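Step one of this worksheet: look at the structure below.
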Amino acid sequence: NPTNSYSLLIGTDQFLTLRSWHKIKELGQLVNFYVANRNGEMEFSTFQKEREALEKELSLHCILFPMPAIDLSSTEIRNRLKEGKPIQGMLPKSVEEYILKKGFYR
């Protein structure tokens, strides 16, 4: 729907890998990337330099925002699933059930 705008929340670890994402240019046309800077783990100058490069190379729109530290990351959840380890309590129950049902990240 052209009247809607969509956002994708990612961590600084994933922000630094955006160039390697499958169909990143197409995704970049659909969403704005909000980059969660957990406890200031990325210096603003580092973010700004990479943001400018991504905007120029891929027309991606990225916004950095501070976020309190949470001892959890999507990378950790994916790795646990790949290793067959439990993820109970790491996600809302409905999300966990959907991921397990669809067999994502195995």
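A short reminder: the numbers here are calculations on the coordinates, not readings from a lab. Model, not experiment: these values are computed from the prediction. Glycine also receives a Cβ, built like all others from the backbone with ideal geometry; neighbour counts cover every protein chain displayed.
Can you check what the net charge comes to around Ala69, using other residues whose Cβ is under 12 Å from the Cβ of Ala69 (Lys, Arg +1; Asp, Glu -1)?
Around Ala69, the surrounding residues sum to -1.
Pull up the DSSP beta bridges for the chain and report the antiparallel fraction as a percent, rounded to 5.
The antiparallel fraction comes to roughly 0 percent.
What FRET efficiency would be calculated for the residue pair Lys93, Ala69, taking the C-beta separation as r and a Förster radius of 35 Å, to the nearest 0.05?
With R0 = 35 Å, the Cβ-Cβ based efficiency is 0.90.
Where does the charge balance sit around Glu57 when Lys and Arg score +1, Asp and Glu -1, over other residues with C-beta under 14 Å from its C-beta?
Result for the local shell: +2.
Relative to the Cα centre, what is the charge dipole magnitude of the chain, using +1 at the beta carbon of each Lys and Arg, -1 at the beta carbon of each Asp and Glu, and rounding to the nearest 20 debye?
Magnitude of the dipole: close to 460 debye.
Among the listed pairs Lys23/Lys93; Lys25/Lys102; Lys56/Lys82; Lys23/Lys102, give every one whose C-alpha distance is greater than 24 Å.
Distance filter (> 24 Å) returns Lys23/Lys93; Lys25/Lys102; Lys56/Lys82.
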